[in-house]
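**Student:** To start, I am sharing the structure in question, which I have written as structure tokens.
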Amino acid sequence: MPSVKEDNDSRALALLGKKQVLKRRFGFWSLFGFAVCELITWETVLALFSQGFDNGGPAALVYGFIIAWSSTLSVYTVISELASMAPIAGGQYYWVYMLAPPRWKVFSSYIIGWLTSLAWIATVATETIFAGTMIQGAIILDNENSYHAERWHGTLLAWLVIAVAIFINVVIPGALPKVEIFIIVFHIAGFIAILATLWATAPHNSAHFVFTTSLNEGGWPTQGLSYCVGFLGNVATFVGADASVHMAEEVENSALNIPRAIIASMCINGLVGFVMMLTVLFCLGDVDSVLETATGYPFIQIFYNSVNSTSGATVMVAIVLILTWACATGIITTASRMTWSFARDRGTPFSSTIAYVSRVRRVPVIGVAVVTTLAALLTLIYIGSTTAFNDVISLTITGFYCSYFLPAAFLLWHRVKGHIEPHRKETPGLPVDDDTGMESSNSHSDPIEKITPSAAGGTELYGEKKQPHSDTDPSQVQTTSSSNLPRFETETQNRRPSLIAQAPLQWGPFHLPGLLGTLNNAYACVYMIFVIFWSVWPPVTPVDASTMNYSVVVTSGVVIFSIIWYWVRGREEYHGPTIDDEVRAVMRLGSVVAV
């Protein structure tokens, strides 16, 4: 028999239109560990150190980190509010459908679904290449004179990382929460060990060097431009905190635990990341040897220069590698859930196959296979050109922030207009009779927009007339109802009509109240526009084919592809988040529209 917690979680998910098929393995602490592991901020500070150092210098890294940390916290506070309103694995594309104007619901939701799915797949490729080339860097450190590094070695090692991650995700998924608890302990213990070693053994730079030195190695006309271009290194440190969102259907009390995990992980990761940033800058040592290291990672050279021991530096690298490998494993989990969710709503090709969930392990095994296969193919680009590979994976910033911006902007609009109802402690919707599973007839709550046919062929939303979506034949708009209400049936071109969920605009248990929430929402939107603008700038001047930043081409390419596919095939299959057959008895059936 399911516990009361499981029953409440399943009911809450049913009110969003979905049957519980994944196992809720995560409580708050395991989800917190997962969220911390996906950010691995102090480790990313080490891996991406050179980007901000070249463009801006030490001072820009320090102050830029503070700005990026506080501003990204603002963004993820908005994401947490949305996750609390509708905790579902689809995340951004579901929220866009929920918040967008009726005319644009389906189209904008479809575009964001593709953008988010491919951004996560690009992130899998990024993190696995990081881990693979980190292994290669350690090999170079230990065998500098006998080992000749090749880029295809890095790709093969990335595939090894992917293979181990697949084993954990598919064969022993029940171990994942326990692994996350261990990783958060290892994350903090490793941080303390490396921090203490660097402070004890490395030569120290002056405070003047750390806090006042600016560099413009990119050759920009002004130092201000150099700061802005280098700022993206600090932004990348915090990308992916929404990983917890896509685990929503595997988390107990997800409407509250997901916001808690996101905010707490942002706070702790920001703190340890800032301390590591200061430590690296103070313990940098010989700048030229660090930036020109044969290992490919400046932090590996910093470790070696500090302890002056190959074995000691290798152990320090191993700590960072283990945490990066664990992060890659979790990112594959997140990416598979996002892709599976979009397939479940028929947003992808071969959606019925990708949406398959193993009845034994209760994980989307085909989804895992799809994202890892595509990511492995992307890592092949690294063999031919690191520039081309970096351009492909640039989707991790531009794509993610575009997917955050649209639902955040829609939320701000509804916030200003006062459309969002206060949070109610009781679960919204009609109560379910414990014996029959049917809805009681004496409830007056309306968890979902009630839509009824109008004489003009449109629909009426609580008395306000709404026209059907432009892609929908008015004759196909119908309502369903419980057994004691009329049912309207129509032909739909020989295909079974799908029931489309429209979640209520009601605050979840987490949100910033009143003016504070509105101001934070507005600031988050402005900051996201700033990040998107600078994310497409090249890292150096003069700009040529080898230094050009093609992220705008990649992101635009994803959007253009999804638009073309929408008109070719998508609009016939994707109509928004659908309602599973098994949950209709839980939902108010007269509150959904079939198309």
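Every number here is computed from the coordinates shown, using simple stated rules; none is lab data. Keep in mind the model is a prediction, meaning the values are calculated, not measured. Note that we place each Cβ from the backbone using ideal geometry, even for glycine, and neighbour counts take in every protein chain shown.
**Student:** Return, for the Cα atoms of the stretch 103-204, the radius of gyration and Dmax in Å, separated by a comma.
**Tutor:** Calculated on Cα positions, Rg and Dmax stand at 19.4, 64 Å.
**Student:** Then there is this: By count of other Cβ within 10 Å, fewest leading, how are Glu249, Glu217, Glu582 ordered?
**Tutor:** Least crowded to most crowded, the residues run Glu582, Glu217, Glu249.
**Student:** Next question. Using Cα pairs under 8 angstrom and six or more residues apart, how large is the relative contact order of the stretch 323-419, in percent?
**Tutor:** Reported as a whole number, the value is 17 percent.
**Student:** Okay, next question. Let me make sure I get this right: for the stretch 500-562, a, b and c are the square roots of the gyration tensor eigenvalues over alpha carbons, sorted descending. Under 1.5 in a/c it's rounded, otherwise prolate if a/b > b/c, else oblate. Which is it?
**Tutor:** The shape class here is oblate.
**Student:** What list do you get for Ile184, Ile258 if you sort them by fewest beta carbons within 10 Å?
**Tutor:** Sorted ascending by nearby Cβ count, the order is Ile184, Ile258.
**Student:** Moving on to the next point. Considering only Cα-Cα distances, which of the following residue pairs are longer than 25 Å: Lys23/Lys178; Lys18/Lys105; Lys23/Lys105; Lys105/Lys417?
**Tutor:** Lys23/Lys105
**Student:** Next up: Arranged by the count of other C-beta atoms within 10 angstrom, fewest first, what order do Ile563, Ile135 take?
**Tutor:** Ile563, Ile135
**Student:** Assuming 1.002 mPa s and 20 °C, estimate D for the stretch 208-259 with Stokes-Einstein, Rh taken as the Kirkwood radius over Cα pairs, in µm²/s.
**Tutor:** 149
**Student:** Just the C-alpha atoms of the stretch 28-142: what Rg/Rh do they give, with Rh taken as the Kirkwood radius?
**Tutor:** Details: Rg = 18.2 Å, Rh = 17.2 Å.
Taking Rg over the Kirkwood Rh, I get 1.05.
**Student:** What does the net charge come to around Val78 if you take all other residues with beta carbon closer than 11 Å to its beta carbon, with K and R at +1 and D and E at -1? Show your work: numbers first, answer last.
**Tutor:** On the way: positive: Arg415; negative: Glu81, Asp242.
Here the count lands on -1.
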